[in-house]
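Okay, structure first, notes after.
The values are calculated or read from the model by the stated rules, or taken from the named source; none is laboratory data. As the structure is a prediction and not an experimental result, all values here were calculated from the model. Cβ atoms come from the backbone with ideal geometry, glycine included; neighbour counts cover every protein chain shown. Note: accessible area is taken over every heavy atom of the protein model, side chains too, but ligands, DNA and RNA are not part of it. Shrake-Rupley method; radii C 1.70, N 1.55, O 1.52, S 1.80 Å.
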Amino acid sequence: MDNVDLLSFIGINDGNIKPLEERFNTNITARGDVIYVQGIQEEVDAIEKVIKEMIFVLNTTGKLQPGDVYTIIDLTLQGKEIINGNDYDNIVLYSKKDVIKAKTPNQIVYTKSVRENDICFAIGPAGTGKTYLAVAFAVAALKKGIVKKIILARPAVEAGESLGFLPGDFREKIDPYLRPLYDALEEMIPSEQLRNYLEKSVVEIVPLAFMRGRTLNNAYVILDEAQNATGMQMKMFLTRLGPNSKSIITGDITQIDLPSYSQSGLVQVKEILKSVDGVGFVYFDKGDVLRHKLVKDIINAYEKHYNNNGNKKE
């Protein structure tokens, strides 16, 4: 029963379980975060579908009552489920507005890799959901109590503009680099709760340079725009990980803003860690782009331009 408030799911005096026991000739028992169902296979399969629908309703509406359960049972037995089994397996987070789930084949591979590895690299073009899903994984782990904090880092590398000429103090200068991470969090966590998390450092959004010297225990650590981390910075980041922590590193090796392609720690790490157990690599392509339909066309046009000019990046 991942990602579920079990007390709300079961209901007062097991009120949400009783409709299941009335309609099906089965025994249903909750122990810890596991629901055990005992009965004939056909009914057990039907109850599994009902339970997934119950979880969906609870997590998307914030409430579940016995009347809802009776309705869910009727709809499920009529073959009118809200979600199917594959959708449920691909759900990453129930956000404040929507369900966040893997939608493309590579996003599904990404979801599986994150769940199986403590460190996962997601490499591919803009708009493929690398960062958004990474933040969703971290928020889900925080909500479930798997980790106690989230740390999101980005290299503050200049992409054609100079930090020195930006107005304000240092914090104001680096905020534009970190803004995409704030945007993702604001879609997943209620505003007041996010503000509280930030004030108490339950959620930290920091430049990569601020990670030096730290050991991160019980944390979900994300490095975004990792193509702009040098080899030494990448090693520094990866060696911050402490017990009971997980990390996702995202980047696009076609958008490196460092002086030299070979200096990118993301390019180097593909070879260095490719055979290390517990480290996963997932590669996205333009088929995974979920932004405006023109984004794919733009990526195609740039690829064609670079190929015609000997892969020379401008």
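Given the conditions (1) open to solvent by 60 Å² or more (accessible area, probe 1.4 Å); (2) in a loop (DSSP other than H, G, I, E, B); (3) modelled with pLDDT of 85 or more, report the number of the one that Ile253 does not fulfil.
Of the numbered conditions (1) open to solvent by 60 Å² or more (accessible area, probe 1.4 Å); (2) in a loop (DSSP other than H, G, I, E, B); (3) modelled with pLDDT of 85 or more, the odd one out for Ile253 is (1).
Among Leu185, Leu216, Leu208, Leu194, which is the only one that is touching an Asp or Glu at 6+ places or on another chain (Cβ under 8 Å), at pLDDT 85 or above, open to solvent by less than 50 Å² (accessible area, probe 1.4 Å) and under 20 Å from Ala134 (Cβ atoms)? Steps first, answer last, please.
On the way: Leu185 fails: touching an Asp or Glu at 6+ places or on another chain (Cβ under 8 Å); Leu216 fails: touching an Asp or Glu at 6+ places or on another chain (Cβ under 8 Å); Leu208 fails: touching an Asp or Glu at 6+ places or on another chain (Cβ under 8 Å).
When all the criteria are applied, what remains is Leu194.
With small (Gly, Ala, Ser) and open to solvent by 30 Å² or more (accessible area, probe 1.4 Å) as the only criterion, which of Gly11, Gly39, Gly15 stands out?
Details: Gly11 fails: open to solvent by 30 Å² or more (accessible area, probe 1.4 Å); Gly15 fails: open to solvent by 30 Å² or more (accessible area, probe 1.4 Å).
Only one candidate passes the filter, namely Gly39.
Can you tell me which residue is most open to solvent (accessible area, probe 1.4 Å) among those in the stretch 267-305 that are among the small types (Gly, Ala, Ser) and assigned to a loop (DSSP other than H, G, I, E, B)? Quick ask: steps written out before the conclusion?
Initially, the stretch 267-305 is screened for residues among the small types (Gly, Ala, Ser), giving 275, 278, 280, 287, 301.
Applying the additional criterion that residues be assigned to a loop (DSSP other than H, G, I, E, B) yields 275, 278.
Working: Ser275: 99, Gly278: 34 Å².
So, considering only residues that are among the small types (Gly, Ala, Ser) and assigned to a loop (DSSP other than H, G, I, E, B), the one most open to solvent (accessible area, probe 1.4 Å) is Ser275.
So Ser264 fits all but one of (1) small (Gly, Ala, Ser); (2) open to solvent by 90 Å² or more (accessible area, probe 1.4 Å); (3) under 17 Å from Ala226 (Cβ atoms); what number is the exception?
(2)
Might you check whether a residue that is open to solvent by 60 Å² or more (accessible area, probe 1.4 Å), modelled with pLDDT of 90 or more, over 20 Å from Lys144 (Cβ atoms) and not hydroxyl-bearing (Ser, Thr, Tyr) occurs anywhere in the stretch 67-89?
So far as the stretch 67-89 goes, no, none of its residues is open to solvent by 60 Å² or more (accessible area, probe 1.4 Å), modelled with pLDDT of 90 or more, over 20 Å from Lys144 (Cβ atoms) and not hydroxyl-bearing (Ser, Thr, Tyr).
Restricting to the stretch 219-250, name every residue that is of a type in the set (Ser, Thr, Tyr) and open to solvent by 40 Å² or more (accessible area, probe 1.4 Å).
Start the filter on the stretch 219-250 by keeping residues that are of a type in the set (Ser, Thr, Tyr), which leaves 220, 230, 239, 245, 247, 250.
Answer for the stretch 219-250, where residues must be of a type in the set (Ser, Thr, Tyr) and open to solvent by 40 Å² or more (accessible area, probe 1.4 Å): Thr230, Thr239.
Do we find that Arg240 is charged (D, E, K, R), modelled with pLDDT under 85 and touching a Gly at 6+ places or on another chain (Cβ under 9 Å) in this structure?
Details: charged (D, E, K, R): yes; modelled with pLDDT under 85: no; touching a Gly at 6+ places or on another chain (Cβ under 9 Å): yes.
The answer is no for Arg240.
Determine whether Lys112 is of a type in the set (D, E, K, R), free of Cβ contacts under 8 Å to residues at least 24 places away in the same chain and closer than 18 Å to Tyr220 by Cα.
Numbers: of a type in the set (D, E, K, R): yes; free of Cβ contacts under 8 Å to residues at least 24 places away in the same chain: yes; closer than 18 Å to Tyr220 by Cα: yes.
Yes: the conditions hold for Lys112.
Kindly check whether there is at least one residue in the stretch 132-154 that is closer than 15 Å to Phe281 by Cα, at pLDDT 95 or above and surrounded by fewer than 24 Cβ atoms within 10 Å (Cβ to Cβ).
no
Keeping to the stretch 217-236, report how many residues are under 19 Å from the mean Cα position of the chain (by Cα) and not polar (S, T, N, Q).
Of the residues in that region, 8 qualify.
Output the number of residues of the stretch 98-121 satisfying the condition of being in contact with a helix residue (DSSP H, G or I) (Cβ under 7 Å, 6 or more places away or on another chain) and open to solvent by 30 Å² or more (accessible area, probe 1.4 Å).
3
Quick check on my filter: what residues within the stretch 18-36 are open to solvent by 80 Å² or more (accessible area, probe 1.4 Å) and either at positive phi or aliphatic (A, V, I, L, M) (or both)?
The answer is none; no residue qualifies.
Given (1) surrounded by fewer than 20 Cβ atoms within 10 Å (Cβ to Cβ); (2) in a helix (DSSP H, G or I); (3) charged (D, E, K, R), where does Lys52 come up short, assuming only one miss?
The single condition Lys52 does not satisfy is (1).
Among the numbered criteria (1) crowded, with 23+ Cβ neighbours inside 10 Å; (2) in contact with a strand residue (DSSP E or B) (Cβ under 6 Å, 6 or more places away or on another chain); (3) at pLDDT below 85, which one does Tyr94 miss?
(2)
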